[in-house]
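A short write-up of the structure that comes next.
The values are calculated or read from the model by the stated rules, or taken from the named source; none is laboratory data. Because the structure is predicted, anything quoted here is derived from the model rather than measured. Ideal geometry is used to build each Cβ from the backbone, glycine not excepted, and the neighbour counts take in all protein chains shown.
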Amino acid sequence: MSVQSDFAPESEAPAETSELLDGLNPQQRAAVLHQGSPLLIVAGAGSGKTAVLTRRIAHLLAARDVGTGQILAITFTNKAATEMRERVAQLIGPRAGRMWVSTFHSTCVRILRNQASLLPGLNSNFSIYDADDSRRLLLMIGRDMGIDVKRYSPRLLATGISNLKNELISPEQAVAALEPGADELTQTVASVYGEYQRRLRAANALDFDDLIGETVAVLQSHPQIAQYYRRRFRHILVDEYQDTNHAQYVLVRELVGVGAPDTDTVPQSELCVVGDADQSIYAFRGATIRNIEDFERDFPNAATILLEQNYRSTQTILSAANSVISRNTGRREKRLWTDAGEGELIVGYVADNEHDEARFVAGEIDTLVEGGAGITPRFGYGDIAVFYRTNNSSRALEEVFIRAGIPYKVVGGVRFYERKEIRDIVAYLRVLDNPGDTVSLRRILNTPRRGIGDRAEACVAVYAENTGCTFAEALVAAAEGRVPLLNTRAEKAIAGFVGLLDGLRERLGSSNDGELGDLVEAVLDRTGYRSEFEASHDPQDLARLDNLNGLVRVAQEFSIDRAHSAALAGQSDPAGQESEGPDGVGLEGDDEDVPVTGVLAEFLERVSLVADSDEVPEHGAGVVTLMTLHTAKGLEFPVVFVTGWEDGMFPHMRALGDPAELSEERRLAYVGITRARQRLYLSRAKVRSSWGQPMLNPESRFLQEIPQDLIDWRRTDASPAPSAPVVGRYGPRPTQTAQPVRGGGGRRPLIVLTVGDRVSHDKYGLGRVEEVSGVGESAMSLIDFGSAGRVKLMHNHAPVQKL
C-alpha cells in the first residue's frame with residue numbers, strides 16, 4: 001500500500017496527450033496517470049473528483065490504447081453518469097457515448113437482460129419494480145397470508161427484505177438463520193420473503209435489490225460469464241465508493257476478478273474507486289463505511305491518493321467543516337484547503353421558533369437577490385438552497401416563502417413519476433411491455449373505473465392461483481366465461497379491458513421503435529383517462545391533466561434523444577466495424593451482448609431508475625431549492641442555508657445515544673457545510689413544534705464545534721420563553737446543565753425500564769422494551785414499536801411513559 005498526497009507524479013504522459021492534464025494539481029495528475037495496482041482516490045468535498053475521473057478515462061483511451069468497450073464507469077445517479085459521459089465526450093469526441101457509464105442498477109440491468117436465460121422463470125423483458133410496486137405486492141401477500149398488515153406494514157416488510165438482500169441472504173438462508181425465540185418481525189419477514197420472490201418471478205419482475213443480487217449470483221455461479229465481462233471490462237471505475245452496500249461491494253469484486261481460481265486465465269481488471277469516508281451518510285440505505293475504510297485491507301497492493309485542495313468553497317467554510325469532522329474518531333486525517341481566500345464569515349441566527357427561523361431565511365434571501373441594507377444584489381434565486389434534516393421541516397419555510405413571493409422547488413417530495421396519474425399510465429405501458437406484470441395489471445384493471453370491482457378481481461385471482469396460470473391468462477379466461485362466480489356484467493367489463501390491451505399491444509407491435517409519445521397519447525385516449533380529467537371541474541384534475549401532458553412530452557423527448565444517440569454511435573463507427581481485443585471482445589463498445597429491447601422497454605427502464613437527485617432544478621432555473629441534507633449530497637450552490645441546528649433535530653434524536661449514528665450525523669453536517677461556495681447561513685430555533693407541541697431545544701453540539709471566530713451571529717439569543725407550557729426532551733450537554741422540563745418547568749422524573757416493559761411513546765405509539773443498557777443519565781433502551789420499527793432511545797431524552 002502507498003499513500004500519496006504531495007509528490008511528483010509517478011509517470012509522465014506522452015506529449016500528444018499532455019493537454020488532458022492541463023489545470024490539474026499534482027495529486028489529481030497522479031490519479032489520472034496511475035496504472036497497475038488498485039487505486040483509491042480519497043476525494044474531499046469539492047476537490048475536483050469528476051475532473052479526475054473524466055480525465056483518467058480520457059487518458060486511458062488516448063494514451064494507453066484502451067477501447068471504449070473496455071471501460072466500465074459506475075456512478076450513483078443517472079445525472080452523474082450523463083455528466084461524466086458528456087465531459088469525456090468533450091475530451092475525446094462522440095465515441096464516448098459508446099462507453100458503459102451508468103449507475104449500479106443500470107449496469108446490472110444490461111447484464112441481466114443478456115443473461116436472463118440463466119435465471120429460472122425470468123426472460124429478458126422483465127419489469128423493474130420500484131419501492132411502490134414492491135409495497136403493493138407485499139400488501140397482496142400479507143392479506144393472502146393472513147398477516148396483520150397494520151402491525152407489519154408493507155413498508156416495514158419491504159425494509160426487512162431489502163436489508164436481507166443487501167447482505168445477499170436468500171429466502172432459504174433467512175429461514176434457516178432463524179434462532180429459537182426470534183422476534184415476530186424477524187419471523188414474519190423471513191416467511192414473507194420466499195413468497196415475495198416467488199411472485200416476483202411469476203410476474204417476470206425484479207426489484208431494485210434483485211438487480212444487484214441476481215447479477216452477483218450469475219457471476220458467482222457461472223465462471224465463464226464472469227470471465228467474459230472481465231475480458232471486456234479491463235478498467236473499472238467506481239464513484240462514491242463510500243456509499244456502496246455489501247452487495248455492491250461483492251459485485252465490484254466479482255467484476256474485477258478478486259478471488260477468481262488460479263486456473264482462471266483472465267487477469268484481474270484494473271480498479272479505481274473514488275470516495276470520501278467523511279461523506280458516508282447513507283447507512284440507513286444499507287451503505288457500509290467499511291468498504292472504503294478497509295479498501296487497503298481488501299487490496300493489499302493498493303495505492304491511495306488524497307485530494308485535499310478544494311475548488312468550491314471559501315477557506316472560512318472549509319475551516320468550519322474541518323473543525324466539525326475532526327471530532328469523529330478513527331477517520332483518515334484529511335484537511336480541506338483552498339487558495340480562493342477566506343471569504344465572508346458564516347452567518348448565524350438563533351430564532352424564537354421555526355416560523356421566526358423561516359422569516360429570517362426569507363429576509364436574507366430577499367436581501368441577497370434584491371439588495372438592501374447597503375448590499376448590492378449579487379445572486380439569483382437559482383443560486384440559493386435551503387437544507388433541513390427531515391422532510392417535515394419544509395412546511396414552515398414553504399408557508400413563509402409563499403407569503404413572501406419567493407419562488408421555490410422542494411426536491412424529494414412527491415416526485416413526478418410518483419404521482420398517481422403518472423404511475424397509472426406507466427402501469428399501462430408496463431403491461432403492454434410485460435403481460436406477466438401482475439402488480440401493474442391489477443393496478444389498472446379498474447382504472448379508470450370500468451365496472452370491475454374488488455369481488456371480480458378476487459375471483460380472477462383465485463382462478464389464477466387454483467389453475468397455476470398468470471393473472472393475465474386468468475383475465476382472458478374470465479372474458480371467455482370460464483371463471484366461476486363471475487356475473488355477466490363483470491365478464492363483459494373484463495372482456496372490454498382485455499380487448500383494450502390487445503388493441504394497444506397491436507399498435508405497439510406495429511411501431512415498437514417509432515414515436516413513443518404517440519403510444520402514450522393512444523393510452524390516454526383509448527382508456528378514457530384523459531377524457532375523465534377533461535370533463536372534471538376540479539382544479540386538481542386540471543393539474544393532473546397537465547402532468548399527463550408532461551408525460552407525453554417526456555416520452556417524445558426520450559424518442560428524440562434515443563435517435564440522436566443512435567446517430568452519434570453510427571457517426572463514431574461509420575464503417576460499422578469495430579476493433580477487437582485478443583479475446584474477440586470488442587474494444588469500441590460493441591453492444592452485441594445487450595438484447596434489443598425496443599424503445600418502450602428502454603423508456604420504462606429509465607423511469608424505474610430515476611432518483612431524487614435527478615430532479616434537482618438546473619442552475620439558473622430561477623427558484624430557491626429546498627431539500628434534505630441527504631438529498632443535497634453531491635450538489636453545490638453559491639449560497640446555502642442549513643436550518644435546525646439543535647440537538648434532537650440535528651443531530652437526530654435517535655443518534656444521541658449511539659456513537660456510530662452520531663458519527664454519521666456529524667458526517668452529514670460536514671456534507672451540508674461543504675455544499676456552499678460563497679455564503680453559508682446556519683440557524684437554530686429555541687423552540688420547535690414536534691409531535692403537536694412546542695419543544696425546548698438545546699443548541700446542536702455540532703454548532704459548538706465550529707470556531708466562533710468564523711461565525712457572524714446576527715442574533716445569539718431568542719426572546720423570553722413563551723408563557724405557554726414548553727416541553728423539553730433532551731438531557732445535559734457537555735457545556736450546559738439544562739434538563740428537560742414539563743409544564744411550568746419541573747424536572748421530568750428519570751424513567752427506569754427493564755426488558756419486557758410496555759411503554760407508550762408520543763410519536764411511535766405502544767412498544768415493548770427488548771434491551772436495556774447503561775445506568776442513570778446514560779440509560780437507554782431498544783424498544784420494538786411494531787409497525788414503527790425498533791428504535792433505540794435514551795431514557796432521559798424520549799417522551800416515553802411506562803405502562
> When you scan the range 507-528, how many residues do you find that are surrounded by fewer than 16 Cβ atoms within 10 Å (Cβ to Cβ) and at pLDDT below 90?
Replying inline: 6
> Among the residues of the range 344-351, is there at least one that is assigned by TED's automatic domain parsing to the domain that holds ILE225, surrounded by 18 or more Cβ atoms within 10 Å (Cβ to Cβ) and not in a helix (DSSP H, G or I)?
Replying inline: no
>> Only one of LEU206, LEU178 is among the aliphatic types (A, V, I, L, M), within 30 Å of VAL610 (Cβ to Cβ) and outside the structural domain of VAL88 (by TED's automatic domain parsing). Can you tell me which?
In response: LEU206
>> Being surrounded by 19 or more Cβ atoms within 10 Å (Cβ to Cβ), small (Gly, Ala, Ser) and not in a strand (DSSP E or B): is that true of SER134 here?
In response: yes
> When you scan the range 478-568 for helices (runs of 4 or more DSSP H) that lie fully inside it, which ones turn up with 2 or more residues that are farther than 30 Å from GLY93 by Cβ and β-branched (Val, Ile, Thr)?
Replying inline: 488-510, 516-527
> If you check THR50, THR17, which single one turns out to be out of contact with any strand residue (DSSP E or B) (no Cβ under 7 Å at 6 or more places or on another chain), modelled with pLDDT under 95, surrounded by fewer than 19 Cβ atoms within 10 Å (Cβ to Cβ) and closer than 30 Å to GLU333 by Cβ?
Replying inline: THR50
>> Step by step: first the residues of the range 471-496, then only those that are farther than 14 Å from GLY453 by Cα and β-branched (Val, Ile, Thr), then the one that is surrounded by the most Cβ atoms within 10 Å (Cβ to Cβ). Which residue is that?
In response: VAL483
> Given GLY275, GLY259, which one is of a type in the set (Gly, Ala, Ser) and surrounded by 20 or more Cβ atoms within 10 Å (Cβ to Cβ)?
Replying inline: GLY275
> How do the pairs read when you match residues in the range 666-677 that are under 9 Å from SER313 (Cα atoms) with residues anywhere that are of a type in the set (Ser, Thr, Tyr) and crowded, with 24+ Cβ neighbours inside 10 Å, using Cβ under 9 Å and keeping only pairs 6 or more apart or on different chains?
Replying inline: THR674/SER313; ARG675/SER313; ALA676/SER313; ARG677/SER313
> Can you pull out the helices (runs of 4 or more DSSP H) entirely within the range 398-470 that have at least 1 residues that are touching a strand residue (DSSP E or B) at 6+ places or on another chain (Cβ under 6 Å) and at pLDDT 95 or above?
Replying inline: 420-433
